[in-house]
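Input: a single structure, listed below in structure tokens.
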Ligand SMILES: Cc1cc2nc3c(=O)[nH]c(=O)nc-3n(C[C@H](O)[C@H](O)[C@H](O)COP(=O)(O)O)c2cc1C
């Protein structure tokens, strides 16, 4: 976990303001609360609640980088988890206002995603939804 969090901290963020706030949910109480806010914990023993501080994130001309920054941090952590052999899933099936209420987050702390971390059940066959990829011609245009 330390290594995963450390790699997250190396992520680029706008102006290097590092607005991310990460809550490591591991206690029985925190995991019960997680199950209140999403059906997608999948029995993971650890969940990262990745948030962003809207008061810290870079903003300009009506744009705030708070969500992008936190997503880059989350992506770094997922890649490091994979690197370490830890399975993970990015979860956005939650109501942000409800997350704030359940975890008592201040107004400026915006939940961006959850990352369920653990080891997939040995009987897990994989979900075809997770492996299908569009051909590059559909998603990339050379100009
Ligand atoms: C923004 C975002 C939201 C997602 N939300 C959920 C979710 O709420 N529940 C879930 O089971 N998977 C969720 N996923 C996981 C995707 O379904 C999964 O990443 C995709 O199917 C590709 O599979 P892979 O990550 O195993 O390669 C989400 C992924 C992203 C990027």
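FYI, it's all coordinate maths here, none of it is from the lab. Remember, predicted model here, so these are calculated numbers, not experimental data. Cβ sites come from the backbone with ideal geometry, for glycine too, and all protein chains shown count toward neighbours.
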- Message: Taking the condition of being within 16 Å of the ligand (Cβ to nearest atom) and assigned to a strand (DSSP E or B), how many residues in segment 21-42 meet it?
- Response: 1
- Just name the residue that is farthest from the ligand (Cβ to nearest atom) out of those in segment 85-119 that are farther than 20 Å from residue 57 by Cβ and exposed (fewer than 13 other Cβ atoms within 10 Å of the Cβ). 104
- Test for residue 45: is it touching a residue at least 60 places away in the same chain (Cβ under 8 Å) and more than 13 Å from the ligand (Cβ to nearest atom): yes
- Residue, farthest from residue 13 (Cα to Cα), within segment 50-79, restricted to residues that are in contact with a helix residue (DSSP H, G or I) (Cβ under 6 Å, 6 or more places away or on another chain) and away from the ligand (no atom under 16 Å from the Cβ): 54
- Query: Quick one: residue 18 ticks every box in (1) more than 16 Å from the ligand (Cβ to nearest atom); (2) more than 17 Å from residue 117 (Cα to Cα); (3) outside any loop (DSSP other than H, G, I, E, B) bar one, so which box is it?
  - Reply: (3)
- Selection over segment 24-40 where residues are touching a strand residue (DSSP E or B) at 6+ places or on another chain (Cβ under 7 Å), closer than 24 Å to residue 108 by Cβ and surrounded by fewer than 17 Cβ atoms within 10 Å (Cβ to Cβ) yields a count of 1
